[in-house]
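To keep things clear, I will list the structure first and then write my remarks on it.
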Amino acid sequence: MTPRPQARLARAEAAGAVGSPTPGFDAPSVTALTAMPGSQLVTFLRTPLRRPGLQRMTTKHADLPGFTLIELMVIVAVLATITMVAYPTYQSYVRESGRGDAYSALLDLATRQERYFSTYNTYTDVIVAASDCAGPSCGLATTDLSPDGDYELSASPGRTGDLATSFLLTAKVRSVGRQADDERCAVLTIDWRGETSPTECW
């Protein structure tokens, strides 16, 4: 005859196999187990023990603080404000840096003009030399674009209206260049006296 579950639990307790419940588990005492009816005891033995600490831990994580909708809206507003202030400043810096392309080109042409004058006793409005040129007709013998290609270059008489005594060099922003949006300083000039214009763009 198979021993009743209560008898098995009693023998296990006597042998030390069943003692105090494991900490953190909802395990009833041996006395409570032996008082259970057979069918209820079998059901209990088949049911996994539950750890209350796990429930407490889950609840604790669920209660962790997070961002509210208002806090997220404030963060977005701050980032938008920073972008509105910083981006135009960055764009202005990029445009000012890009003007260096025109500065170097104009100064190079001015140097070539003075060299040309020392040879032919006059200035010239020819920047690009023709393939069949010779002597003074070759002009400055260079390109009419700035080194980075953002400006078109040209030469003309200065304030005296005569290339024999003055010149005016001009760098104009190209519509396809990186400086196309630099409307305030779209045209930069330098003359035979070294005077530049517009003053605020140099």
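What are the residues in region 185-195 that are touching a residue at least 60 places away in the same chain (Cβ under 8 Å) and on the phi < 0 side of the Ramachandran plot, if any?
Step one: filter region 185-195 for residues touching a residue at least 60 places away in the same chain (Cβ under 8 Å), giving 185, 188-190, 192, 194.
Of everything in region 185-195, those that are touching a residue at least 60 places away in the same chain (Cβ under 8 Å) and on the phi < 0 side of the Ramachandran plot turn out to be Cys185, Leu188, Thr189, Ile190, Trp192.
Within region 159-189, the only residue that satisfies the criterion of being closer than 14 Å to Ser97 by Cα and among the polar types (S, T, N, Q) is Gln179.
Is at least one residue of region 127-137 surrounded by 13 or more Cβ atoms within 10 Å (Cβ to Cβ), small (Gly, Ala, Ser) and modelled with pLDDT under 95? Scanning region 127-137 turns up at least one residue that is surrounded by 13 or more Cβ atoms within 10 Å (Cβ to Cβ), small (Gly, Ala, Ser) and modelled with pLDDT under 95. So which residues in region 162-185 are part of a loop (DSSP other than H, G, I, E, B), surrounded by 18 or more Cβ atoms within 10 Å (Cβ to Cβ) and under 31 Å from the mean Cα position of the chain (by Cα)? Correct list: Gly177, Gln179, Asp182, Cys185. For the structure I just gave you, tell me whether Ala164 is among the hydrophobic types (A, V, I, L, M, F, W, C), touching a residue at least 24 places away in the same chain (Cβ under 8 Å) and closer than 23 Å to Thr199 by Cα. Judged against the criteria, Ala164 is not a match. As for region 91-99, it holds at least one residue that is surrounded by fewer than 12 Cβ atoms within 10 Å (Cβ to Cβ) and assigned to a helix (DSSP H, G or I). The residues of region 148-180 that are farther than 15 Å from Ile127 by Cβ and touching a strand residue (DSSP E or B) at 6+ places or on another chain (Cβ under 9 Å), listed by number, are Asp150, Gly158, Arg159, Ser166, Val173, Arg174, Gly177, Gln179, Ala180.
Only one of the numbered conditions (1) touching an Asp or Glu at 6+ places or on another chain (Cβ under 8 Å); (2) part of a helix (DSSP H, G or I) is violated by Val128, and that is (2).
Of everything listed in (1) touching a Leu at 6+ places or on another chain (Cβ under 8 Å); (2) crowded, with 20+ Cβ neighbours inside 10 Å; (3) not polar (S, T, N, Q), the single unmet condition for Asp150 is (1).
The values are calculated or read from the model by the stated rules, or taken from the named source; none is laboratory data. Note that the coordinates shown come from a computational prediction; the quantities given were computed from them, not determined experimentally. Positions of Cβ are backbone-derived with ideal geometry, glycine not excepted, and every protein chain shown enters the neighbour counts.
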